[in-house]
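J.: So that we are looking at the same thing, I have put the structure below in structure tokens.
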Amino acid sequence: MSGLVNYVSCAVLWLGLLVKAPDLIRHRHDPYLRAICAVLGLAGLCFLLGAPPTVGAVNHVSGVPNLAAPLTYASITAYGAASQVLVVHWRGGPRVRRAARRWICAYASIVLGIAVAFVLGDAPVERRTDLDTYYASTPYLREMIVLYLAGHLTAAAVTTVSSLRWARQVRGWLRAGLTLLGVGTLCNAGYSVSKLVAVAARWCGRDWSALSTHLSPAAAALGALMTAAGVLLPLLGPRLTESRRAWRAYVRLEPLERELDGVLTRRSLRLPRPRPAAPATLLVWRQTSIHNALSHLHAAFDRDLYDRVRRTVLEETGDAERAEATAWAAVVVTAARRETGGPGALPGGAGRFPDRVPGPAALVRIADALGPAARVAARPSGGRATTGTA
């Protein structure tokens with residue numbers, strides 16, 4: 001199972017990158033989207049390069065012992081820079097580009113320092129999991145290790161503070177995403193802290209390498225999952241909310257469509273059901289079918305019935321919106337039963353209904369009012385409405 005956690009974490013992060021790839025292709029010049037994709041892509045690259053099997057493969061193919069180490073450190077540093085750039089673009093402001101360039105230049109110098117230190121140092125013995133503590137006291141390699149850990153810790157700390165501070169000022173999905181991002185980068189800070197403690201312990205003659213080889217990878221994996229969720233949640237959350245809202249409206253419209261089923265079937269007014277389809281598409285399909293039936297029945301709508309039911313419900317409840325929905329429902333039920341000759345049908349000859357067919361926003365309220373409206377529609381014109389609960 002060596003490296004399994006790394007590969008799973010990499011897969012999760014790159015799955016998030018795959019989700020955002022279509023948006024990046026459509027808006028390739030959007031710096032905010034580029035920063036998001038850079039964070040997800042580089043974070044996944046860190047786990048891929050840090051996996052022991054990958055470390056061994058890179059060292060073997062290159063013929064340079066421990067070449068995978070500076071490559072991994074450079075990817076971690078680049079990830080830190082991308083995190084800072086993302087926060088900068090997330091917050092916005094008049095100096096976004098200047099601040100982003102400063103972070104990029106600062107971390108580019110760290111990457112250059114890592115490369116120079118590795119070239120100057122001497123690491124002949126391959127270490128796939130504990131290079132940080134094994135070479136903690138080796139000249140130049142020591143500086144390389146401290147440099148990348150300090151850069152990573154700085155990026156994690158700044159991102160954590162910025163995200164959590166900003167999360168207190170916003171609401172909704174953005175707040176949830178910022179909170180997850182802040183906690184995730186705090187876990188990433190735990191990665192750097194545990195490794196720095198293990199390195200410092202080696203300087204003091206103690207062997208705390210377990211912190212570097214066991215605790216820090218676990219903290220990094222947890223941080224990666226939370227960071228990916230924090231980045232994607234503000235983008236996917238509103239879509240989830242809209243899908244949930246569309247599905248609820250679709251389900252609530254089912255009684256109204258069922259009431260109009262006879263008209264829809266006999267007159268072939270129902271559109272073919274889309275399969276498969278998102279909730280929003282299903283909602284439009286059901287709304288369109290209902291609207292087709294209402295348009296067909298419009299000539300049979302009874303204005304006298306509408307006025308009577310609306311007036312009665314308004315007197316009982318004082319709720320104008322509820323009274324209007326119940327009145328519309330009574331008119332629709334009566335017209336549908338007249339057209340089909342079903343139970344509760346009333347004789348024709350009532351005043352024509354001059355108003356337009358209800359729009360999509362009113363259909364759900366009408367569907368909710370069908371129960372009491374059906375009882376009203378079955379009474380003679382002089383009867384008193386019983387509204388029940390809409």
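The values are calculated or read from the model by the stated rules, or taken from the named source; none is laboratory data. Please read these numbers as outputs of a predicted model, since none were measured by experiment. So basically every Cβ, Gly included, is an ideal-geometry build from the backbone, and we count neighbours across all protein chains shown. These accessible areas exclude ligands, DNA and RNA; they are computed on the full protein's heavy atoms, side chains included. Shrake-Rupley method; radii C 1.70, N 1.55, O 1.52, S 1.80 Å.
J.: Can you sort Val12, Val357 by 1.4 Å-probe accessible area, starting with the largest?
T.: If we order Val12, Val357 from most to least accessible, we get Val12, Val357.
J.: Have a look at Leu67, Pro53, Pro94 and report the one farthest towards the positive end of the charge dipole of segment 26-139, computed about the Cα centre with Cβ charges (Lys/Arg +1, Asp/Glu -1).
T.: Selected residue: Pro94.
J.: Give me the accessible area per residue for the chain, probe 1.4 Å, as a whole number in Å².
T.: Accessible surface, normalised per residue, equals 49 Å².
J.: Order the peptides 74-80, 231-237 from the highest to the lowest mean number of other Cβ atoms within 10 Å of their residues. Write out the running numbers ahead of the final one.
T.: Values: 74-80: 25.4, 231-237: 19.1.
My ranking of the peptides, most packed first, is 74-80, 231-237.
J.: Another question, if that's okay. List the residue ranges in the chain for DSSP H helices whose C-alpha atoms run 20 angstrom or more along the long axis and whose Kyte-Doolittle average is -1.0 or above.
T.: 4-26, 31-50, 68-91, 96-120, 141-167, 172-203, 216-252, 279-297, 320-340
J.: How much accessible surface area, in Å² rounded to 10, belongs to the heavy atoms of Glu254 with a 1.4 Å probe?
T.: 70
J.: Between Leu15 and Arg311, what is the label-point separation in nm under the 7 Å Cα-to-beta-carbon projection?
T.: 6.2
J.: Could you tell me the center-to-center distance, by alpha carbons, between segment 255-317 and segment 66-90 in angstrom?
T.: 57
J.: Which shape class applies to segment 91-161: rounded if a/c is under 1.5, otherwise prolate when a/b exceeds b/c and oblate if not, where a ≥ b ≥ c are the square roots of the Cα gyration tensor eigenvalues? Walk me through the intermediate numbers first.
T.: Values: a/c = 3.95, a/b = 2.25, b/c = 1.76.
In terms of gyration-tensor shape, prolate.
J.: For Val64 and Ala210, what is the calculated FRET efficiency with R₀ set at 30 Å and r taken between the beta-carbons, to the nearest 0.05?
T.: 0.65
J.: Further question: Find out how many positive minus negative residues lie around Leu181, taking Lys and Arg as positive, Asp and Glu as negative, among other residues whose Cβ is under 14 Å from that of Leu181.
T.: Summing Lys/Arg as +1 and Asp/Glu as -1 gives +4.
J.: Separate question: Show that you can apply the helix-only estimate: for the chain, add -39,500 (n - 2.57) for every DSSP H stretch of four or more residues, divide by all residues, and state [θ] at 222 nm to the nearest 500.
T.: -25000 deg cm²/dmol, from helical runs alone.
J.: Could you work out how far apart the two model spin labels at Arg171 and Thr241 are, taking each label as a point 7 Å from the Cα in the direction of the beta carbon, and quote it in nm?
T.: Taking the two extended label points, one gets 0.9 nm.
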